[in-house]
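**Student:** Attaching a single structure in structure tokens format; questions to follow.
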Amino acid sequence: MNHARHAQQPSPIVNRLVVIGLGLIGGSFAKGLREAGLCREVVGFDLDARSRELAVELGVVDRCAATLAEACHGADVIQLATPILALERLLGELAKLELGDAVITDVGSAKGNVVRCARKVFGNMPSRFVPGHPIAGSELSGVTAANSTLFRRHKVILTPLDNTDPQALMLVSKLWSALGADVEHMEVTHHDEVLAATSHLPHLLAFGLVDSLAKRHENLEIFRYAAGGFRDFTRIAGSDPVMWHDIFLANREAVLHTLDDFRADLDALRVAVDEGDGHKLLGVFTRAKAAREHFSKILARRAYVDVMHSNDLVFLANPGGSLTGHLRVPGDKSISHRSIMLGSLAEGVTEVEGFLEGEDALATIQAFRDMGVVIEGPHQGRVTVHGVGLHGLKTPPGPIYLGNSGTSMRLLSGLLAAQPFDTTLTGDASLSKRPMNRVAKPLREMGAVIETAPEGRPPLTIRGGQRLSGMHYEMPMASAQVKSCLLLAGLYAADQTSVTEPAPTRDHTERMLRGFGYPVTVKGSTAVVEPGHKLRGTHIEVPADISSAAFFMVAASIAQGSEIVLEHVGVNPTRTGVIDILKLMGGDISLENPREVGGEPVADIRVCGAQLKGIDIPEDLVPLAIDEFPVLFVAAACAEGRTTLRGAEELRVKESDRIQVMADGLQTLGVKAEPTPDGIVIEGGAIGSGEVWAHGDHRIAMSFSVAALRANGPIKIHDCANVATSFPNFLSLAQRAGMQVHSEGDS
């Protein structure tokens, strides 16, 4: 058994590792690599004799040397883990030694100072010196705190220079990776600027605040009654004063630059408090709260941040069951997007109820916060937008990240084309593959300057300061996003802008513009806007999204004995294609309690189980149901006979190629599904069990969840994280209605 365990040990990649400075960081580095068996010998050196003794006793190193020269003799890798201001003297001593081809690296948090010191003592930067900085630590210190797992799931930043030996860089990266660290590379100056803002400034503020309060005569009361927030913020003031003294002196230029920026913002806050400017304070507080949550998602790789490459979220859908009861699905995504956009450009306050708190719509909120709009919420579907007017947007601090939201990117392209500032629009891996020339080309005809990645893909860079001219545009294909983009650009054009569509598409933009008091003329298939008017803040009640309701319409239709009522669903005639198609297939669907809310028609939809039959889907209904086709394909698979779809090539450039992805999944489940360039042919029949892939597409994931109702066994659906973009509570509503679907790991 011992021999077997020994055989599984990895082969050493370093003969002799030398760690100089046996504190928490150096000791943890040495101990971790020693335990991993990646070094034939780990040698330690520290000026403190007791630390040297403890390092051997605790198994941190194999042995310690009494002198620096003895420690470095025959070294392959030398890790410098001393306090940062001690590095200059240490490097000076190393420069006098014969180090051969040893790779040198360090752990200092200010890389510019390390590089300057190395150049000074060596004459130039040694090619086998790899500057590094582990972003890890503990409230404990010293060699007794050495922890072989300290760096696991923490970042280590390496800052190679132009002359850095690639083999040396690779070796240092491999050592840190072996300790479980996430290794990244960064330019020296950029590293110091980032750390000054994210680590050094917070420590400086914490030290300064505690010192300032401690000097007051009422200091005992201040600390006695301090709440949790004070304790949380000032916790880092308990850090090692000597270490931080060294860091601030070593990185003083970057710290001063960051401190000056913060002081200017702090002065502005003081003025706002002094003048009772609640709007200014609210703007700072809402942006800060949202930014913290936004960047936390980025760091956690959650939802609309690169879900295509996040950990696989798997849905398990079991067969059988029927749907009953009353449900209200989340708010309409299209209307939620537009309420934020037009509310931001309006004068006055806009109150929104029923807002969809999905990732796509949240990305739109974040975009306008980045451009200086004060937005409160969302909280239980309520959002308050403090509009800045058509010309009140401000330059965003950097690229605007829109996650997976094609609607956000295409509509924002139009309203940003005439702003006085440059903007770059980016998205996640899925959005970065989607075509944007369909909006970029007509906007360029209006005078916009837009740069795209190859083949018209994101990111989009929109140059500010352009004068747009009005135009008439005949859309080559029906697209509400293209139409809305050009109408929004038309608000800023020199003269009239009109858009003619080849088939009806959703008209939420036209309706909402009128709701904000901006005149829009619609003549047949042409919508017209003229510049020179204003948007006025208003109240918007977002109806339930018919695209989300569609999953339950199909589910109830195919599950025998079902009867559900979907409440307060938007039934805009440009969106009801799914109802018309299901009725043509024999669906038992009725609209009850029709009414109008905020210019949008709304009704309750009653759906009962029915025997569906295959049909040739009329092409004039295609643009009215473009987002609902994945789940309609499931309806077709459960219908008697053949269903044929044509004229839907748009489905191939959604979050995924929805024609091919659905065809692949249905075929896996034993359904005859033949994709065509612009549609699909599906033969209804039995649905089997199996594993399918949603390819990060929320509608694919939910559609196969519905298919399980009629399957002869469980369906396992991979890549479901993006369901959060449009329907964050899909699983809970589906379970409440009677579907047997849950995420893997949940019962």
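The values are calculated or read from the model by the stated rules, or taken from the named source; none is laboratory data. In this text, all values refer to a predicted model and were calculated from it rather than measured experimentally. No Cβ is skipped: glycine too gets one built from the backbone with ideal geometry, and neighbour counts run over all protein chains shown. When the accessible area is computed, the model is the full protein with side chains, heavy atoms only, and any ligands, DNA or RNA have been set aside. Shrake-Rupley method; radii C 1.70, N 1.55, O 1.52, S 1.80 Å.
**Student:** Of the residues that sit in region 92-106 and are part of a helix (DSSP H, G or I) and among the aliphatic types (A, V, I, L, M), which one is most open to solvent (accessible area, probe 1.4 Å)?
**Tutor:** Ala95
**Student:** Could you look through region 674-720, keep only residues that are surrounded by fewer than 20 Cβ atoms within 10 Å (Cβ to Cβ) and of a type in the set (S, T, N, Q), and pick out the one that is farthest from Gln660 (Cα to Cα)?
**Tutor:** In this case the residue turns out to be Asn712.
**Student:** Output the residues belonging to region 381-400 that are surrounded by fewer than 23 Cβ atoms within 10 Å (Cβ to Cβ) and under 14 Å from the mean Cα position of the chain (by Cα).
**Tutor:** Pro399 - this is the single residue of region 381-400 that is surrounded by fewer than 23 Cβ atoms within 10 Å (Cβ to Cβ) and under 14 Å from the mean Cα position of the chain (by Cα).
**Student:** Next question. State which residue is surrounded by the most Cβ atoms within 10 Å (Cβ to Cβ) when the search covers only region 591-618 and only residues that are under 36 Å from the mean Cα position of the chain (by Cα) and acidic (Asp, Glu).
**Tutor:** Among them, the one singled out is Glu600.
**Student:** Being aromatic (Phe, Trp, Tyr), in contact with a strand residue (DSSP E or B) (Cβ under 8 Å, 6 or more places away or on another chain) and not assigned by the TED database to the domain that holds Ile617 narrows it down to one of Phe552, Phe516, so name that one.
**Tutor:** Answer to the check: Phe516.
**Student:** I've got another one for you. I'd like to check something: does region 311-319 contain any residue that is within 27 Å of the chain's Cα centre (by Cα), open to solvent by 40 Å² or more (accessible area, probe 1.4 Å) and at pLDDT below 85?
**Tutor:** Yes, there is a match, as at least one residue in region 311-319 is within 27 Å of the chain's Cα centre (by Cα), open to solvent by 40 Å² or more (accessible area, probe 1.4 Å) and at pLDDT below 85.
**Student:** Which is in contact (Cβ under 8 Å) with a residue 60 or more places away in the chain and surrounded by fewer than 22 Cβ atoms within 10 Å (Cβ to Cβ), of Leu140, Leu169?
**Tutor:** One residue alone meets the criteria, Leu140.
**Student:** Does Arg338 meet the test of being under 21 Å from Arg434 (Cβ atoms), touching a His at 6+ places or on another chain (Cβ under 7 Å) and at pLDDT 90 or above?
**Tutor:** Values: under 21 Å from Arg434 (Cβ atoms): yes; touching a His at 6+ places or on another chain (Cβ under 7 Å): yes; at pLDDT 90 or above: yes.
So Arg338 passes the test.
**Student:** Kindly indicate the residue of region 232-259 that is part of a helix (DSSP H, G or I) and of a type in the set (D, E, K, R) and also farthest from the chain's Cα centre (by Cα) among those meeting that condition.
**Tutor:** So, considering only residues that are part of a helix (DSSP H, G or I) and of a type in the set (D, E, K, R), the one farthest from the chain's Cα centre (by Cα) is Asp246.
**Student:** Could we say that Ser562 is surrounded by 18 or more Cβ atoms within 10 Å (Cβ to Cβ), among the hydroxyl-bearing types (Ser, Thr, Tyr) and under 21 Å from Gly381 (Cα atoms) here? Walk me through it before giving the result.
**Tutor:** Details: surrounded by 18 or more Cβ atoms within 10 Å (Cβ to Cβ): yes; among the hydroxyl-bearing types (Ser, Thr, Tyr): yes; under 21 Å from Gly381 (Cα atoms): no.
Taking the combined requirement at face value, the residue does not satisfy it.
**Student:** Hey, Ile13 hits all of (1) open to solvent by 30 Å² or more (accessible area, probe 1.4 Å); (2) closer than 21 Å to Met243 by Cα but one; which does it fall short on?
**Tutor:** The number of the failed condition is (2).
**Student:** Let me ask something else. Can you tell me how many residues in region 635-664 are without any contact (Cβ under 8 Å) to a residue 40 or more places away in the chain and crowded, with 24+ Cβ neighbours inside 10 Å?
**Tutor:** So the count comes out to 4.
**Student:** So which residues in region 508-558 are open to solvent by less than 60 Å² (accessible area, probe 1.4 Å) and on the phi > 0 side of the Ramachandran plot?
**Tutor:** Scanning region 508-558 gives a single hit, Gly517.
**Student:** Further question: Which of the numbered conditions does Met409 fail, given that it passes all the others? Conditions: (1) open to solvent by 20 Å² or more (accessible area, probe 1.4 Å); (2) assigned to a helix (DSSP H, G or I).
**Tutor:** The number of the failed condition is (1).
**Student:** Which one of Ser109, Ser127 is among the polar types (S, T, N, Q) and either farther than 20 Å from Phe248 by Cβ or surrounded by fewer than 23 Cβ atoms within 10 Å (Cβ to Cβ) (or both)?
**Tutor:** Ser127
**Student:** Still on this structure, please answer the following. Assess whether Leu632 counts as being in a helix (DSSP H, G or I), of a type outside the set (S, T, N, Q), at negative phi and in contact (Cβ under 8 Å) with a residue 40 or more places away in the chain.
**Tutor:** So Leu632 fits the description; yes.
**Student:** In region 585-621, which residues are at positive phi and either among the acidic types (Asp, Glu) or modelled with pLDDT of 95 or more (or both)? Talk me through it step by step, then tell me what you get.
**Tutor:** Initial filter on region 585-621 (at positive phi): 586, 593, 598-599.
Residues satisfying the conditions are Gly586, Asn593.
**Student:** Pull out all pairs, ordered by first then second residue, where Cβ-Cβ is under 6 Å, the residues are six or more apart or on different chains, the first lies in region 722-743 and is among the small types (Gly, Ala, Ser), and the second is part of a helix (DSSP H, G or I) and at pLDDT below 95.
**Tutor:** Every condition considered, the pairs that remain are Ala724/Glu359; Ser726/Lys333; Ser726/His698.
**Student:** Within region 588-599, identify whether any single residue is hydroxyl-bearing (Ser, Thr, Tyr) and in a loop (DSSP other than H, G, I, E, B), and answer yes or no.
**Tutor:** The answer is no, given that none of the residues of region 588-599 is hydroxyl-bearing (Ser, Thr, Tyr) and in a loop (DSSP other than H, G, I, E, B).
**Student:** Which one of the conditions (1) open to solvent by less than 80 Å² (accessible area, probe 1.4 Å); (2) at pLDDT 90 or above; (3) not β-branched (Val, Ile, Thr) does Arg328 fail to meet, given that it meets all the rest?
**Tutor:** Of (1) open to solvent by less than 80 Å² (accessible area, probe 1.4 Å); (2) at pLDDT 90 or above; (3) not β-branched (Val, Ile, Thr), only one is false for Arg328: (1).
**Student:** Another one. Out of (1) in contact with a Cys (Cβ under 9 Å, 6 or more places away or on another chain); (2) crowded, with 21+ Cβ neighbours inside 10 Å; (3) acidic (Asp, Glu), what's the single condition that is false for Asp588?
**Tutor:** The single condition Asp588 does not satisfy is (2).
**Student:** Condition test on Ala556, is it under 17 Å from Ser703 (Cβ atoms), in contact with a helix residue (DSSP H, G or I) (Cβ under 7 Å, 6 or more places away or on another chain), modelled with pLDDT of 95 or more and among the small types (Gly, Ala, Ser)? I'd like the intermediate steps shown before the answer.
**Tutor:** Details: under 17 Å from Ser703 (Cβ atoms): yes; in contact with a helix residue (DSSP H, G or I) (Cβ under 7 Å, 6 or more places away or on another chain): no; modelled with pLDDT of 95 or more: yes; among the small types (Gly, Ala, Ser): yes.
No.
**Student:** All but one of (1) surrounded by 20 or more Cβ atoms within 10 Å (Cβ to Cβ); (2) out of contact with any helix residue (DSSP H, G or I) (no Cβ under 9 Å at 6 or more places or on another chain) hold for Leu195; which doesn't?
**Tutor:** Every condition holds for Leu195 apart from (2).
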